[in-house]
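To start, the structure itself, in structure tokens.
FYI, it's all coordinate maths here, none of it is from the lab. If you're wondering where the values come from, they're calculated on a predicted model, not measured in any experiment. Because the Cβ atoms are built from the backbone with ideal geometry, glycine has one as well, and the counts that use them run over all protein chains shown.
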Amino acid sequence: MRPILTGDEMRAAGAGAIVHGTPGAALMENAGLAVARAIESRFGRERRVAVVCGLGNNGGDGFVVARVLKSDWTRVYVIGDPDALKGDARHHYDRLRKERARLPVEVIRSEAEWNGKAAEFARCSLVVDALLGTGTHGAPRGLAEVVIRSIRGERARGARVVSVDLPSGVPADASALDWPAVEADLTVTFAAKKPCLVFSPASEFAGTVVVAPIGIPDEGLQFSDRGVRLFELDATDALAAFPRRKKDSHKGDFGHVLIVAGSVGKSGAAVLAARAAFRAGAGLVTVASVGEVCRLVTLAQPEVMTESLGEGAECGDAAKATARVLDLAATKDAIVIGPGLGRSEKTQDFVLDVVARCGLPVVIDADGLFGLRAQTLSRIAQRDKATVLTPHPGEMARLLGIERDAVQKDRVKAVRRAVGETRGTVVLKGRHTLVGTVQSEIRVNPTGSASLATAGTGDVLAGVIGALLARGVPAEAAAGASVFVHGLAGERAGKRRPWGVVAGDVIESLPPAIASLGR
């Protein structure tokens, strides 16, 4: 995992590197070099480049870009009075003027002066946005706002935009904003991503994000004293949950998952969860459901064992069903409960009773979450085995007794609250799925696509998590690895079928997605 740092934390990390012997001017040089190399590798050298620089450290990075970038046509626009430049930014401005004396550097102090350069600025085919950095908060004002609107206009006319560290106008810690900001095709950020580059809709301004090292050591990016730590999952995290199989392996080595799912009319949820568990590497899978569902599961997936909970539309006789599931759990390694199970009052009581009394790691998904409320979460919190809850935003809102919009407005806050009230691992699904852990970490998943916005993909994810829990993977690691490979599988399915992906396509993409993690 890589840390996601707030603006204050990033500035503290830079200051710490300086204290430990790396000059600020060297950090700035490395940052500018990284941006220039990213531009040349993605867009080539035959570009008409406009470098728009503010008066802070972000502008200092831009001066380095202008000095080292190889381009036949480059213009530098300093927005504000260069006499106000200080420290490392001043150093790199003076170095630019000395080493590239023939490079046109235009000082812009007013809107009128900027408008006077409009025709020249319109000649650019690539804009380097080095106007505002992590120290800015709120909506841009004055000349900065005017320049941002011009950059947006040039992009609308076809110019490429590369932002330095952050798109100007987007505060480092924002997840949303209601004012115009630079829209970048590429953002080269330094040492670690910032929240605005991860959380939608603010992240939509950044385009493709590249994290460039600039000389801050990894230990300088750790802030263990903050209330919640943000991390981004990566392939290494997922790979650890899918080790190579030994040549003398047998099915008993890979766990037995019990999936309590399905009801009349919703047998497909049980099939999808079971099939996904197998594709994620489970050695054995049993579905426990009402008789009709068991019969349909056997027809759809003969590798799956079934156990009938009696006849009926949902769970049959709730008391008998609970006893049967707990008896079955004695010989299993993990339980997935909820997909397509039904929402009747007796089924809600059945789910809560099973989860509270079961001595196995449990994944609670879909209909299994429906009956959970503030007054019942204490029974979940008292469990002494791992619990993973997988709500989508609507289910999270119901769980916490708040509006869905409130969940989406601050997804991190919602996850933290749910973790605190359940003492479980909470997976809040959606764009950039969040995994909240009892260690006060929020792990952000970078994979996935709109292809996953189709019925049944949540059942698939539940089956994958169940498979990893059954192999003994700790809950937070199982949840993180599962959402990562589930997202990769969704991306692969979407590439094969740009339109009309179904959950079964995602399941079939799981093995190649896991294989793509590398060794």
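Convex hull of alpha carbon positions in segment 237-515: directionally averaged projected area 13.4 nm². Using the rule -39500 (n - 2.57) for each DSSP H run of four or more residues, divided by the residues of the chain, the 222 nm mean residue ellipticity is -13000 deg cm²/dmol.
What pairs from LYS266/LYS495; LYS194/LYS429; LYS70/LYS409; LYS70/LYS193; LYS194/LYS495 go past 32 Å between their alpha carbons? From LYS266/LYS495; LYS194/LYS429; LYS70/LYS409; LYS70/LYS193; LYS194/LYS495, over 32 Å: LYS70/LYS409. Straight-distance candidates among the lysines for linking to LYS251, with alpha-carbon spacing under 19 Å and chain neighbours fewer than 8 residues away dropped: LYS332. Distance between the pseudo-spin-label points of ALA12 and ALA122 (7 Å out from Cα toward the beta carbon): 4.8 nm. Its residue count N fixes a reference of 2.2 N^0.38 Å for segment 61-186, and the Cα radius of gyration divided by that reference is 1.02.
According to the Cα-based calculation, Rg over Rh for segment 2-224 is 0.94, with Rh computed by the Kirkwood formula. Given R0 = 41 Å, the distance between the Cβ atoms of LYS86 and ILE402 translates into a calculated FRET efficiency of 0.35. Reported to the nearest whole Å, the Cα centre-to-centre distance from segment 361-407 to segment 76-131 is 53.
Measuring from centroid to centroid over Cα atoms, what is the spacing of segment 456-519 and segment 1-66 in Å? Between the Cα centre of segment 456-519 and that of segment 1-66, the gap is 36 Å. Each semi-axis of the equivalent ellipsoid for segment 254-321 is √(5λ) with λ an eigenvalue of the Cα gyration tensor; in descending order they amount to 20, 12, 9 Å. In a reduced charge model with +1 at each Lys and Arg Cβ and -1 at each Asp and Glu Cβ, segment 2-224 shows a dipole moment near 740 debye about its Cα centre.
Computed over the alpha carbons of the chain, Rg followed by Dmax gives 26.6, 86 Å.
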